[in-house]
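Colleague: Take a look at the following structure, please.
The values are calculated or read from the model by the stated rules, or taken from the named source; none is laboratory data. All values reported here derive from a predicted model rather than from experimental measurement. Counting neighbours? That spans all protein chains shown, and the Cβs are built from the backbone with ideal geometry, glycine included. Calculation scope for accessible area: heavy atoms of the full protein, side chains included, ligands and nucleic acids excluded. Shrake-Rupley method; radii C 1.70, N 1.55, O 1.52, S 1.80 Å.
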Amino acid sequence: MSSEKKQLVARAALDFVEPGAVLGVGTGSTVNCLIDLLPSIRDRIEVVVSSSKATTQRLEQQGFEVTTLNEAGDLDLYIDGADESNKRLQLIKGGGGALTREKVLAGAARRFVCIVDDSKLVGMLGQFPLPIEVLPMAQGFVVRRLLKLRAQPVWREGFVTDNGNHVLDVHDLTISNPVEMEQRLNQIPGVVTVGLFANRPADVLLIGDDDGVREMRV
Ligand code: 5RP
């Protein structure tokens, strides 16, 4: 995504932050643009919860004190990027490896605003390899189960998640029914989190394109 489009969608997302907000913040380069803009609306933000160590560090650099989800309770709003979205606002996430905490925050949020550029809007999810966080002791087992689905799982080399787990990037999955696929993969023992956000899609998608920012809702 061009840096200009990231800036545009990040700025547009600020309008969704209402006074007294309990705000969840995602992870990634688009969200980094948002974090850098948050000081301009500091007076509207009551509590901030982070989806990764990287985001926590950046929020702290901007002078925010980060609260845990356990302390904050449910979120008013969660803002995050994505690797792909379809027109139903079902997403593939986890390109940055923060999918587990991102999914928890999305689940805890009354409203989920997703910020992307137009290259990430797709007809069918799955061109982007699906990230799956896996418990290290279950690595081989999870790979064998995915191979049975005729998918091509590839370990993300040298990468350990904030939770101490590993990430498989799964190529060649046919995701014609995202809700069913998410449920099916969730049932493999040893899978910590599937980077499909279909059971809890975004509520609002802000898309940066050459003409500005478009908004989609379900
Ligand atoms: C991190 C994510 C990110 O939201 C996703 O990878 C998009 O990142 P970027 O804004 O850098 O394109 O899911 O786990």
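Colleague: So, in segment 62-91, exactly how many residues are on the phi > 0 side of the Ramachandran plot and either open to solvent by 40 Å² or more (accessible area, probe 1.4 Å) or assigned by TED's automatic domain parsing to the domain that holds T174 (or both)?
Modeller: The qualifying residues number 1.
Colleague: Would you check if there is a residue in segment 76-87 being more than 26 Å from Q127 (Cα to Cα) and not basic (K, R)?
Modeller: yes
Colleague: Determine whether L59 is in a helix (DSSP H, G or I), within 12 Å of the ligand (Cβ to nearest atom) and either aliphatic (A, V, I, L, M) or surrounded by fewer than 24 Cβ atoms within 10 Å (Cβ to Cβ) (or both).
Modeller: Details: in a helix (DSSP H, G or I): yes; within 12 Å of the ligand (Cβ to nearest atom): no; either aliphatic (A, V, I, L, M) or surrounded by fewer than 24 Cβ atoms within 10 Å (Cβ to Cβ) (or both): yes.
Spelling it out, it is not the case that L59 is in a helix (DSSP H, G or I), within 12 Å of the ligand (Cβ to nearest atom) and either aliphatic (A, V, I, L, M) or surrounded by fewer than 24 Cβ atoms within 10 Å (Cβ to Cβ) (or both).
Colleague: Quick check on R144: is it of a type in the set (K, R), more than 27 Å from G73 (Cβ to Cβ) and either outside any strand (DSSP E or B) or open to solvent by less than 70 Å² (accessible area, probe 1.4 Å) (or both)?
Modeller: Details: of a type in the set (K, R): yes; more than 27 Å from G73 (Cβ to Cβ): yes; either outside any strand (DSSP E or B) or open to solvent by less than 70 Å² (accessible area, probe 1.4 Å) (or both): yes.
Answer is yes for this residue.
Colleague: Let me ask you something else. Using the structure shown, decide if E46 is open to solvent by 20 Å² or more (accessible area, probe 1.4 Å), more than 30 Å from W155 (Cα to Cα) and not in a helix (DSSP H, G or I).
Modeller: Details: open to solvent by 20 Å² or more (accessible area, probe 1.4 Å): yes; more than 30 Å from W155 (Cα to Cα): yes; not in a helix (DSSP H, G or I): yes.
Yes: the conditions hold for E46.
Colleague: Taking segment 93-116 as the search range and keeping residues that are near the ligand (Cβ under 8 Å from one of its atoms) and not small (G, A, S), which one is surrounded by the fewest Cβ atoms within 10 Å (Cβ to Cβ)? Give the derivation first.
Modeller: As a first pass, look at segment 93-116 and keep what is near the ligand (Cβ under 8 Å from one of its atoms): 93-99, 102, 115-116.
Keeping just the survivors that are not small (G, A, S) gives 93, 99, 102, 115-116.
Numbers: K93: 30, L99: 29, E102: 31, I115: 32, V116: 24.
Among those that are near the ligand (Cβ under 8 Å from one of its atoms) and not small (G, A, S), it is V116.
Yes or no, residue by residue, for (1) outside the structural domain of G28 (by TED's automatic domain parsing); (2) more than 24 Å from L69 (Cβ to Cβ):
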| residue | (1), (2) |
| --- | --- |
| L135 | yes, no |
| R145 | yes, yes |
| T161 | yes, no |
| V170 | yes, yes |
| I175 | yes, yes |
| N186 | yes, no |
| L205 | no, no |
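Colleague: Here's a follow-up. Filter segment 22-43 for residues that are within 10 Å of the ligand (Cβ to nearest atom) and hydroxyl-bearing (S, T, Y); which is surrounded by the most Cβ atoms within 10 Å (Cβ to Cβ)?
Modeller: The initial filter retains those residues of segment 22-43 that are within 10 Å of the ligand (Cβ to nearest atom), namely 26-34.
Imposing the further condition that a residue be hydroxyl-bearing (S, T, Y) reduces the set to 27, 29-30.
Numbers: T27: 29, S29: 12, T30: 27.
Of everything passing the filter in segment 22-43, T27 is surrounded by the most Cβ atoms within 10 Å (Cβ to Cβ).
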